[in-house]
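Working notes, structure below.
The values are calculated or read from the model by the stated rules, or taken from the named source; none is laboratory data. Just so we're clear, the structure is a prediction, and the values are computed from it rather than from any experiment. For neighbour counting, all protein chains shown are included, and Cβ atoms are generated from backbone atoms with ideal geometry for every residue, glycine included. Remember, those area values only see protein heavy atoms, side chains included, never the ligands or the DNA or RNA. Shrake-Rupley method; radii C 1.70, N 1.55, O 1.52, S 1.80 Å.
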Amino acid sequence: MAEIIRYVNTASSGGDGTTNAESGANAAYASLSAWEAAEQTDLETAGNWHHVYVSTGSGTAADTTGFTIDGWTTGASNYILIEAADGDQAVKTGWDATRYRLEVTDERAVNIKDDFVRFKGLQMRLLVSTPGYDDLIYIQNYPLADPNDIRFIDCRLQASHADHR
C-alpha cells in the first residue's frame, strides 16, 4: 500500500501539489478546493491512501474556498488524511490567524460525500454575514456506507453566529 502525498500551501501560486513549493509546475495547490478537484481517484483499487499536508507557507493567508469531498473510492485502509503541517496545527489556546485555517464566508466549509476521511490539526471557521446561512461541515448520509468513518482529530471548529452548528 502506497502513501500518496500532496501539499496545499495558501502562499502558493498553484501547481500539481507534489511539493510544498510556492511557485512552479510542481508547486503546492493553493487551496483544498483545488486539491480535491484535481486528485479524485480510486484509492481502494490502487491499494493507496492519500495524505495531504496543509500550510500557510511563507505567508499567513487563509484558505477561503469551501470544498466537497466527492468522487473518491475509499476503504478502511485506503482513506484520505488532511493534516496541518508542522507549525500549522490548531492550538489549544484559541484561534491562530498565523497558522493554516479554512475560513469561509456564507458557504459550507466542507461537504463530505465519501467515506473514510480524516482531518487532523486543522482550524475551520464559518463566517456569516446573514444569520441562518449554512453549516460549517456537512456529512451527507447518502451515498455514504455504514460506517462512514469520518474523523476530526485535534481540530478547532468555529462558526461566527450562534444560529450555526
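A single member of Thr60, Thr68, Thr64 is touching a helix residue (DSSP H, G or I) at 6+ places or on another chain (Cβ under 8 Å), of a type outside the set (A, V, I, L, M) and surrounded by fewer than 21 Cβ atoms within 10 Å (Cβ to Cβ), and it is Thr68.
Checking each residue in region 149-165 for being at pLDDT below 95, open to solvent by 50 Å² or more (accessible area, probe 1.4 Å) and in a loop (DSSP other than H, G, I, E, B) picks out Ser160, His161, Ala162, Asp163, Arg165. For Thr93, indicate whether it is in contact (Cβ under 8 Å) with a residue 24 or more places away in the chain, more than 16 Å from the chain's Cα centre (by Cα) and open to solvent by 40 Å² or more (accessible area, probe 1.4 Å). No; evaluated as a whole, the condition is false for this residue. Looking across region 99-110 at every residue that is at pLDDT below 95 and open to solvent by 50 Å² or more (accessible area, probe 1.4 Å), the one that is nearest to Asp135 (Cα to Cα) is identified as Arg108. Pull out all pairs, ordered by first then second residue, where Cβ-Cβ is under 6 Å, the residues are six or more apart or on different chains, the first lies in region 75-90 and is on the phi < 0 side of the Ramachandran plot and free of Cβ contacts under 8 Å to residues at least 40 places away in the same chain, and the second is open to solvent by less than 40 Å² (accessible area, probe 1.4 Å) and part of a strand (DSSP E or B). Pairs found: Ile80/His50; Ile80/Val117; Leu81/His51; Leu81/Arg118; Ala84/Val54; Asp88/Ser55.
Which is more than 22 Å from Asp42 (Cα to Cα), open to solvent by less than 60 Å² (accessible area, probe 1.4 Å) and either touching a strand residue (DSSP E or B) at 6+ places or on another chain (Cβ under 8 Å) or not β-branched (Val, Ile, Thr) (or both), of Asp88, Asp114?
Asp88
Cβ-Cβ distances below 9 Å connect the following pairs, each with a first residue in region 2-28 that is closer than 18 Å to Thr56 by Cβ and touching a residue at least 60 places away in the same chain (Cβ under 8 Å), a second residue that is open to solvent by 70 Å² or more (accessible area, probe 1.4 Å) and part of a loop (DSSP other than H, G, I, E, B), and a separation of six or more residues or different chains: Thr10/Thr60; Thr10/Thr64. For region 60-74, a residue qualifies if it is β-branched (Val, Ile, Thr) and under 14 Å from Ala38 (Cα atoms), and the qualifying residues are Thr68, Ile69. Can you pull out every residue in region 26-51 that is buried (at least 21 other Cβ atoms within 10 Å of the Cβ) and not aromatic (Phe, Trp, Tyr)? Once the filter is applied, which keeps residues that are buried (at least 21 other Cβ atoms within 10 Å of the Cβ) and not aromatic (Phe, Trp, Tyr), region 26-51 yields Ala27, Ala28, Ala30, Ser31, Leu32, Glu36, Leu43, His50. Among the candidates Ser23, Ser12, the residue that is open to solvent by 30 Å² or more (accessible area, probe 1.4 Å) and either of a type outside the set (Val, Ile, Thr) or under 17 Å from Glu103 (Cα atoms) (or both) is uniquely Ser23.
Filter region 107-141 for residues that are among the aliphatic types (A, V, I, L, M), in a loop (DSSP other than H, G, I, E, B) and either more than 13 Å from Ser160 (Cα to Cα) or within 15 Å of the chain's Cα centre (by Cα) (or both) and give the result. Of everything in region 107-141, those that are among the aliphatic types (A, V, I, L, M), in a loop (DSSP other than H, G, I, E, B) and either more than 13 Å from Ser160 (Cα to Cα) or within 15 Å of the chain's Cα centre (by Cα) (or both) turn out to be Ala109, Leu122, Leu136.
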